[in-house]
């Protein structure tokens, strides 16, 4: 089925770009627009811009651009239809559909089919929990024993899978879903040696749906409850969906959809290990919490948290052995620039059990009292383990320093070197020197993999690192500025290209504006460049479009290009509409300095654009003349060409004088 055009138009009108993007990243007001770190590439300085007036976004780092629908398509990696359905659901718009042709049905995105069957499975498991005898007796009893209210069960869409071989798959097949899509979604396990059929993956278990940041169900976690002897006794306590086209475990945090608003509002995220930890804390009113679902923390999960806050507190149970193993992996969090704190619970307790034991208020008080920054926590744990053994103490220094040098912020590094020197009772300068050694060693190890014949030399000794008087001595350039992976450089664009772009931009953004009554920008500038065509194919296409429409007394508005069917034209328009910088309001409000906007001086802007374009166009002709003169077969031919060259030269100099250019 295909969504009809009227419904598509209602969705476009209802979707607010700030709300849509804000569901996936933490936006901050910046003048009239909003900014954030881009969700499409890794960055620490925001270059992602959202324009609420034009309802568009643009990243100046990776070039991503579009509207609300394009954003959902890119961030979720879904097709156009699924993006529309997501927005329709968000804004409670009833979808009216039309029949698709057989060819269109075949082209339907497999990912969309997976989302549909996973949502069907979620609804099935919820229904079994609430309405089947087995679900109520086993699943519902377990959740009530945990203290999960009906509201919390609905919030996390908890369910139950019947303890039979094929209860779910039989229902799904009866509704028209194929065995193939059930297998691809990880819901059906095919029988070995069988040409068809299989059995349900999650049997006799309570179900924890796993949502991605936008709210779609992408996988399931399932916990077994019965501990009978025989085959069931050998099954794992928890069972997760396998990797699929829509589920990659290393990219996902359990509870991120339910927690993202609280994380953004409180500017803080609690990270736990299991599903029930997350749900119990939500039950206690602590909603800014997510879980790594028992896996080692990955760089993708860290960056997902970083979309909403730089502040993370990791909640551990009292298992010191497990904590020591996890400490090394937390350096990744430091490298991403996040501020990491650790809370350790008493032996035998985890966040779930502890909050149920002491209650919500006492739990919150404990979090504040027991929270320690990661470097301090790591130092204390390793020092306690080392005792008075000098060799182990030396190893502890190396471990702690190796974490400190991962911190991108120079001021934070200096603070932690100072604090660590006091905790270990060692000279601060010695720690700094050790940090420099580690950095030089890392640089040396990375060099063979760069793929360059010439590399920046690593510092040979203290003299190369500058003075120690300012604290931590290696610079951002020495450590944190990555070198390119290859020597490829994009081709240089000519001066004419940039003038053609500036001229086309003027037409697209201001073509309909009037310079004086009945004279538009489009009429004026096109009348001044008759006989000139553009070299760039896209700009020439747009120039021709304006010329042909002007002959029919019509000038296409900016919105026409903003919604153009060609993505290249759409992206160019978005780029032209989006300013990388915002003018401070203090210029006018405090200092009474009034800066004219481009729209205020269109007559001057149009005149300058025409002159610059003609000058660049003439200079291209001059280059042709020089080339012809070099290859002239006779003196007369050469003189003729040079005469033409000097004619163009005179025009160029006149244009330069008018523009106020400096001529050599």
All conditions in (1) closer than 30 Å to residue 224 by Cα; (2) surrounded by fewer than 22 Cβ atoms within 10 Å (Cβ to Cβ) are true of residue 335 except (1)
Somewhere in the stretch 351-363, is a residue within 27 Å of residue 420 (Cα to Cα) and surrounded by fewer than 20 Cβ atoms within 10 Å (Cβ to Cβ)? no
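Which one of 419, 392, 440 is in contact with a helix residue (DSSP H, G or I) (Cβ under 6 Å, 6 or more places away or on another chain), part of a helix (DSSP H, G or I) and modelled with pLDDT of 55 or more? Explain how you work it out, then say what you get.
On the way: 419 fails: in contact with a helix residue (DSSP H, G or I) (Cβ under 6 Å, 6 or more places away or on another chain); 440 fails: in contact with a helix residue (DSSP H, G or I) (Cβ under 6 Å, 6 or more places away or on another chain).
Exactly one residue qualifies, and that residue is 392.
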Of the conditions (1) surrounded by fewer than 21 Cβ atoms within 10 Å (Cβ to Cβ); (2) within 25 Å of residue 411 (Cβ to Cβ); (3) touching a strand residue (DSSP E or B) at 6+ places or on another chain (Cβ under 9 Å), residue 269 fails just one. Which one is it? (1)
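Could you name every one of the helices (runs of 4 or more DSSP H) located completely within the stretch 298-377 that has at least 2 residues being farther than 17 Å from residue 280 by Cα and touching a residue at least 12 places away in the same chain (Cβ under 8 Å)? Let's see the steps before the verdict.
On the way: elements: 299-306, 320-327, 331-335, 351-358, 360-370.
Those helices (runs of 4 or more DSSP H) span 299-306, 320-327, 331-335.
Checking the condition closer than 27 Å to residue 650 by Cα, assigned by TED's automatic domain parsing to the domain that holds residue 504 and crowded, with 17+ Cβ neighbours inside 10 Å, which residue from 626, 562, 613, 572 passes?
Numbers: 626 fails: crowded, with 17+ Cβ neighbours inside 10 Å; 562 fails: closer than 27 Å to residue 650 by Cα; 572 fails: closer than 27 Å to residue 650 by Cα.
None of the others qualify; the one that does is 613.
Check 386, 410 and return the single one that is more than 36 Å from the chain's Cα centre (by Cα) and either surrounded by fewer than 15 Cβ atoms within 10 Å (Cβ to Cβ) or not assigned by TED's automatic domain parsing to the domain that holds residue 340 (or both).
Numbers: 410 fails: more than 36 Å from the chain's Cα centre (by Cα).
None of the other options fit; the residue is 386.
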Output yes when any residue across the stretch 579-589 is surrounded by 11 or more Cβ atoms within 10 Å (Cβ to Cβ), at pLDDT 90 or above and under 40 Å from the mean Cα position of the chain (by Cα), and no when none is. no
Any residue at all in the stretch 73-82 that is assigned to a helix (DSSP H, G or I), at pLDDT below 85 and under 18 Å from residue 304 (Cα atoms)? yes
Residue 162 is checked against (1) within 30 Å of residue 73 (Cα to Cα); (2) in contact with a helix residue (DSSP H, G or I) (Cβ under 6 Å, 6 or more places away or on another chain) and fails just one. What number does that condition carry? (1)
Residue by residue through the stretch 547-559, note down the ones that are surrounded by 12 or more Cβ atoms within 10 Å (Cβ to Cβ) and without any contact (Cβ under 8 Å) to a residue 12 or more places away in the chain. 549, 554
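What do you reckon, is residue 414 at pLDDT below 75, under 21 Å from residue 331 (Cβ atoms) and assigned to a helix (DSSP H, G or I)?
Working: at pLDDT below 75: no; under 21 Å from residue 331 (Cβ atoms): yes; assigned to a helix (DSSP H, G or I): yes.
The answer is no for residue 414.
Find the residue count for the stretch 516-533, including only residues that are assigned to a helix (DSSP H, G or I) and in contact with a strand residue (DSSP E or B) (Cβ under 7 Å, 6 or more places away or on another chain). Lay out the reasoning, then the answer.
At the first step, the residues of the stretch 516-533 found to be assigned to a helix (DSSP H, G or I) are 521-528.
From what's left, in contact with a strand residue (DSSP E or B) (Cβ under 7 Å, 6 or more places away or on another chain): 521, 524.
Count: 2.
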Within the stretch 48-72, work out how many residues are outside any strand (DSSP E or B) and without any contact (Cβ under 8 Å) to a residue 24 or more places away in the chain. 3
On the given criteria, is residue 367 touching a strand residue (DSSP E or B) at 6+ places or on another chain (Cβ under 9 Å), at negative phi and at pLDDT 90 or above? yes
Those helices (runs of 4 or more DSSP H) lying entirely in the stretch 122-230 with at least 1 residues in contact (Cβ under 8 Å) with a residue 40 or more places away in the chain and buried (at least 18 other Cβ atoms within 10 Å of the Cβ): 141-145, 167-174, 179-184
Residues of the stretch 559-568 being under 15 Å from residue 538 (Cβ atoms) and at pLDDT below 90, in sequence order, are 564, 565, 566, 567, 568
One residue is enough: does the stretch 17-34 have a residue meeting the conditions under 27 Å from residue 259 (Cα atoms), touching a helix residue (DSSP H, G or I) at 6+ places or on another chain (Cβ under 7 Å) and part of a strand (DSSP E or B)? yes
Of everything in the stretch 642-657, what is under 27 Å from residue 610 (Cβ atoms) and either in contact with a helix residue (DSSP H, G or I) (Cβ under 6 Å, 6 or more places away or on another chain) or in contact (Cβ under 8 Å) with a residue 60 or more places away in the chain (or both)? Give them in sequence order. 644, 645, 648, 651, 652, 655
Condition test on residue 619, is it at pLDDT 85 or above and exposed (fewer than 10 other Cβ atoms within 10 Å of the Cβ)? no
So residue 239 clears everything in (1) in a loop (DSSP other than H, G, I, E, B); (2) modelled with pLDDT of 90 or more except one condition, right? Which one? (1)
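The values are calculated or read from the model by the stated rules, or taken from the named source; none is laboratory data. It should be emphasised that the depicted structure is a prediction, and the values quoted were computed from it without experimental measurement. Counting neighbours? That spans all protein chains shown, and the Cβs are built from the backbone with ideal geometry, glycine included.
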